Amino acid sequence: MRFAPPLTPPLWNAAAGMATTEARRECETEGCSKDAKLQCPTCIKLGIQGSYFCSQECFKGSWASHKLLHKKAKEEKNQNEAKNCVEKDINTDPWPGYRYTGKLRPYYPLTPMRLVPSGIQRPDYADHPRGMSESEQFLKGTSQIKILSPEDIEGMRVVCKLAREVLDIAALMVKPGVTTEEIDHAVHLACTARNCYPSPLNYYNFPKSCCTSVNEVICHGIPDRRSLQEGDILNVDITVYHNGFHGDLNETFFVGEVDEGAKKLVQTTYECLMQAIDSVKPGVRYRELGNVIQKHAQANGFSVVRSYCGHGIHRLFHTAPNVPHYAKNKAVGVMKPGHVFTIEPMICEGGWQDETWPDGWTAVTRDGKRSAQFEHTLLVTETGCEILTRRLEENGRAHFLSQM
Amino acid sequence: MNLKLRCADSHSMMEEEDDCPELVPIQPQSVPPAQQIPVTIITGYLGAGKTTLLNYILTEQHNKRIAVILNEFGEGSALEKSLAVSQAGELYEEWLELRNGCLCCSVKDNGLKAIENLMEKKGKFDYILLETTGLADPGAVASMFWVDAELGSDIYLDGIVTVIDAKFGLQQLMEEKAEGFINEAARQIAVADLTIINKTDLVAEEELNQVRDTVRSINGLVKILETQRSRVDLSEVLDLHSFDIEDGAKLAEKLQLVKPTRPHLDKSILTVMFEVVGDLSEDSLNAFIQDLLWEKKFLNTEKEPMTVIRLKGIVSFAGKDRQMMLQGVNELYELNETPQLWEENQRINRLIFIGRNLDKDILEKHFIATVIQNSEKN
């Protein structure tokens, strides 16, 4: 295939194939009244509305005066953000031009990657330069679900109990003023004290030992310098690796006093998880869980995130089966005794569509509204399932229930 | 033309304020009802004529914006993949960012997300063509694009096209593989919606008949075209709609015309078909399909497990006025309601299976015993 050297990059015409009727727009160039189907990308980034042009040539012609608009917008922006941006050496605008969907910002720089003492067993990706797991890659695409031996099951029971201990420690720290990095630090120490490797660390180069997801963050939030604020909801997702096995769980917590909407969201999300768990037993298809979850979420006016799913977990962090949380999915597999997997529904106040921050990890709702999540690791038994990551005190109640 | 959204790019943009940027298409204010973009998978052995076919499509459809991806998405390691875009007779290179992030618990494949992201930034394509390497399992590649409707993707799987060489195809199909390994050429035919027998000018009629018969023996349902230099009427290759309900009415007709096939080759892939009159129980049908596709519970007379590569059917559920369409590739399957009404017609369930070690009688017997709801039997 031969490529034509692009002298003038082509103008893409997205109108072809889009079945909407839109109002006719006129070219902005002084004196030109041709149909405008193209837009200035810099104006989009700067939030300047409606810079429509009919062609690249015409645009070039009026560039001299048009660029003054950009200059003006940037000056205004700099004035506003100069204060927030580099106060006390904290940078909340590491990706200039990125349009955030909500109010949350990253608080950089992150502390250097934490080390794990050498005596602790490490998963294969811990020392891979790109954090890739060869053992997971090897099984990528297969839908065969492992049936764990009694020894494996015992290993899972132990690691899940340890993961639960670490989450309970994190829970104690959640209050206004504490930064997510401080919680991560405590999590890191709690793991190593229990002879565990914090599974997220260096998993595909994830920089921290747990995920902290605030408000509109759906999952995979990276702990940073931001202090928790009264009214926030925070999810802390813990996975630990011990003796060759991974254990995974998460809970959403209230930071101080929260509004009624937050309480309803978090409560409903928890119920979605528990109802799904109630339906787990041999013979049930994995695809069925999404029906249970979505039904309950929708009944309460919430939506279910579709891009992320539950997963098999044992000697591998993420493996078969895939467990989508939305209704009418094509997940392959039927539950059998000895299967171990997670269910981790992410439920949203607004729409389910997600997007990812330029850090490549933080998943946020596209409309900037809040999202909550709960997760357990489950073992399918002959009659139902065992919640390996259940809380052993307080009758197994999730932490948020003490704050309702 | 590197699209990476990185700090470096925007910073340099700040410095070169005098550079006039390139215009982009107008962003719609609201989410438009998604016009979905078809993905066609083109497979076949090296030298069969896939690239010739691709080039032919690009030249013939020069007023459309077509993306071409070569050699499907490799294992995890790449951060980027190049993609060629054809528009107005010119070919440009674009880059797909294969975000590393958490590929693990994300529902959509990396490659699929990368294409969606590219379309979001640069506007939609009219077609996406993906040419696989000669030894790939096209079923696995297809499942990357055969996403649940619920995910609201801009992309849908249109069909799988296999190109086979008239001169060397037969030899490739007959190649003996080690125990347990499947002949890739045969699998490519089995999974195809359209097979193009290419280079017909290089063989005598007798040979051509042999190739055609062998292809037909593997896949009783596939459409077969015969070409020279991959020249084909594009309306036969694009917009196949093989995986969606638009194909419903056509499928019902096609199923009626399928004849069961006899093996031309040993240990080969075959097409098996049966018809049963009556209403089915949805749960029992799901259980039957799952036992067949996931659990591989059904054995033939030699106690070998039946392996299904492609599955299609039109079935009737009690109480549902419309015909239900069944589609499967390897382990993935879907049951969807078509717009076609049964009306006063007899409710005949027609199922077609393409795969190895299939035994029609065993399957049919089990089907009738467990899936038919009321006593109307054939």
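The values are calculated or read from the model by the stated rules, or taken from the named source; none is laboratory data. Note that the structure is predicted; figures quoted are calculated from it, not measured. Cβ atoms come from the backbone with ideal geometry, glycine included; neighbour counts cover every protein chain shown. We work out accessible area using only protein heavy atoms, side chains counted, and drop any ligands, DNA or RNA first. Shrake-Rupley method; radii C 1.70, N 1.55, O 1.52, S 1.80 Å.
Among the numbered conditions (1) modelled with pLDDT of 95 or more; (2) within 28 Å of A:Ala320 (Cα to Cα), tell me where A:Asn205 comes up short.
Condition (1) is where A:Asn205 drops out.
B:Glu60 - would you say it is at the interface with chain A (Cβ under 8 Å from one of its Cβ atoms) and modelled with pLDDT under 85? Walk me through how you get there before you give the answer.
Working: at the interface with chain A (Cβ under 8 Å from one of its Cβ atoms): no; modelled with pLDDT under 85: yes.
So B:Glu60 does not fit the description; no.
Scanning the stretch A:29-63 for residues that are within 9 Å of chain B (Cβ to nearest Cβ) and open to solvent by 40 Å² or more (accessible area, probe 1.4 Å), which turns out farthest from B:Lys121 (Cα to Cα)?
Filtering the stretch A:29-63 for residues that are within 9 Å of chain B (Cβ to nearest Cβ) and open to solvent by 40 Å² or more (accessible area, probe 1.4 Å), the one farthest from B:Lys121 (Cα to Cα) comes out as A:Lys60.
Name the single residue, out of those in the stretch B:317-371 being more than 28 Å from B:Val147 (Cα to Cα) and among the acidic types (Asp, Glu), that is surrounded by the fewest Cβ atoms within 10 Å (Cβ to Cβ).
B:Glu344
Out of the residues in the stretch B:14-40 that are facing chain A (nearest Cβ under 7 Å), out of contact with any strand residue (DSSP E or B) (no Cβ under 8 Å at 6 or more places or on another chain) and surrounded by 12 or more Cβ atoms within 10 Å (Cβ to Cβ), state the one that is modelled with the lowest pLDDT.
B:Pro32
Listed residues B:Asn345, B:Asn300, B:Asn357; which is polar (S, T, N, Q), closer than 23 Å to B:Leu251 by Cβ and not assigned by the TED database to the domain that holds B:Pro138?
B:Asn345
Residues to consider are A:Val174, A:Val217, A:Val178, A:Val158; find the one that is closer than 18 Å to A:Gly247 by Cβ and in contact with a strand residue (DSSP E or B) (Cβ under 8 Å, 6 or more places away or on another chain). First the steps, then the outcome.
On the way: A:Val174 fails: closer than 18 Å to A:Gly247 by Cβ; A:Val217 fails: closer than 18 Å to A:Gly247 by Cβ; A:Val178 fails: closer than 18 Å to A:Gly247 by Cβ.
So the residue among A:Val174, A:Val217, A:Val178, A:Val158 that is closer than 18 Å to A:Gly247 by Cβ and in contact with a strand residue (DSSP E or B) (Cβ under 8 Å, 6 or more places away or on another chain) is A:Val158.
So which residues in the stretch A:332-370 are in contact with a Leu (Cβ under 8 Å, 6 or more places away or on another chain) and within 10 Å of chain B (Cβ to nearest Cβ), if there are any at all?
If the condition is that a residue be in contact with a Leu (Cβ under 8 Å, 6 or more places away or on another chain) and within 10 Å of chain B (Cβ to nearest Cβ), then A:Val332, A:Thr342, A:Glu344, A:Pro358 are the ones that fit.
Please work out if A:His325 is at pLDDT 95 or above, touching a Gly at 6+ places or on another chain (Cβ under 8 Å) and farther than 19 Å from A:Glu386 by Cα.
Details: at pLDDT 95 or above: yes; touching a Gly at 6+ places or on another chain (Cβ under 8 Å): yes; farther than 19 Å from A:Glu386 by Cα: yes.
Considered against the rule, which asks whether it is at pLDDT 95 or above, touching a Gly at 6+ places or on another chain (Cβ under 8 Å) and farther than 19 Å from A:Glu386 by Cα, A:His325 comes out as yes.
Does A:Ala297 count as surrounded by 24 or more Cβ atoms within 10 Å (Cβ to Cβ), in contact (Cβ under 8 Å) with a residue 24 or more places away in the chain, over 22 Å from B:Asn286 (Cα atoms) and more than 18 Å from the chain's Cα centre (by Cα)? Give the steps one after another, and end with the answer.
Numbers: surrounded by 24 or more Cβ atoms within 10 Å (Cβ to Cβ): yes; in contact (Cβ under 8 Å) with a residue 24 or more places away in the chain: yes; over 22 Å from B:Asn286 (Cα atoms): yes; more than 18 Å from the chain's Cα centre (by Cα): yes.
Yes.
Which of the residues that make up the stretch B:161-182 are polar (S, T, N, Q) and buried (at least 21 other Cβ atoms within 10 Å of the Cβ)?
Correct list: B:Thr162 only.
If you check A:His318 against the conditions, is it under 19 Å from A:Glu386 (Cβ atoms) and at the interface with chain B (Cβ under 9 Å from one of its Cβ atoms)?
Taking the combined requirement at face value, the residue does not satisfy it.
Return the pair list, or none, for Cβ contacts closer than 7 Å from residues in the stretch A:176-191 that are in the same structural domain as A:Val158 (by the TED database) and among the aliphatic types (A, V, I, L, M) to residues that are surrounded by fewer than 19 Cβ atoms within 10 Å (Cβ to Cβ) and not in a helix (DSSP H, G or I), at least 6 apart or on different chains.
Sorted first by the residue in the stretch A:176-191, then by its partner, the pairs are A:Val178/A:Ser227.
Could you please give the count of residues in the stretch A:208-266 that are open to solvent by less than 10 Å² (accessible area, probe 1.4 Å) and assigned to a helix (DSSP H, G or I)?
3
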